[in-house]
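Written below as structure tokens is the structure these notes are about.
What follows is calculated from the coordinates using simple rules that are stated; it is not laboratory data. For clarity, every value in this text was computed on a predicted model and none was experimentally measured. Backbone-built Cβ (ideal geometry, glycine too); neighbour counts: all protein chains shown.
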Amino acid sequence: MGMPPTRRDLLDLAVRAAALPSAGQFFSAWLQAAEEHKHSTASAGPPEPPFLRDYKPAFFGAEDFAALQSFTEILIPTDDTPGAREAHCAHYIDFVLQAAVEASPELVKQWRQAMSALKTAGFHAADTNGRRALMEEIARPERDRTATHPAYAAYRLIKQQNAFAFYTSRAGMIETLDYKGNSFNTSFPPCNHPEHHVV
């Protein structure tokens, strides 16, 4: 399936996506969704901006997009902090991949092969529990170097782009990582973990 994109490739793709005609509308809604999650109750879930709620995928077909959404949400589930659902990772991936169609045909080919591999593995047709079980099987080579799975390259590609999307989003960067922006320390207290004091 080819080498997965590098971090530089992902940044280049994001920059290209920012130049798309609908970029202002997309990124405005994407950031608004994260803001609304911050002020919503955990039980009610975040209200989606209409642009994201009614989002029509431009790169993926509807079936692949639904499978991608499910895959991203299994990778980064919602718990006491937002997950891929609140960060709209699948939306982000679809949006930025529009920019790859002309700029990076090799990446487009990788994604088409990835979604085909997931479909062949039965991910698209499985229910929620079946998808979780399949994810365990597909990801096994990550933990067991002797294991193989025909959809493992697809897993790695989606995981990489999903992590980039999540930790680029407000939900991932600020709400989950509690990033405070550029700041400086006025003091540097010593480490108080006993395991770090053993030489």
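Neighbour counts of C-beta atoms inside 10 Å place 96, 15 in the sequence 15, 96, starting with the fewest. Compute the distance in nm between two label points, each set 7 Å from the Cα along the Cα-to-Cβ direction, one at residue 146 and one at residue 108. Taking the two extended label points, one gets 4.3 nm.
Against the 2.2 N^0.38 Å scaling, with N counting residues, where does the range 53-110 land? I'd like the Cα-based Rg ratio to two decimal places. Working shown, then result.
Numbers: Rg = 12.3 Å, N = 58, 2.2 N^0.38 = 10.3 Å.
Its radius of gyration relative to the 2.2 N^0.38 Å reference: 1.20.
Counting charges near residue 90 (Lys, Arg +1; Asp, Glu -1) among other residues having Cβ under 11 Å from its Cβ returns a value of -2.
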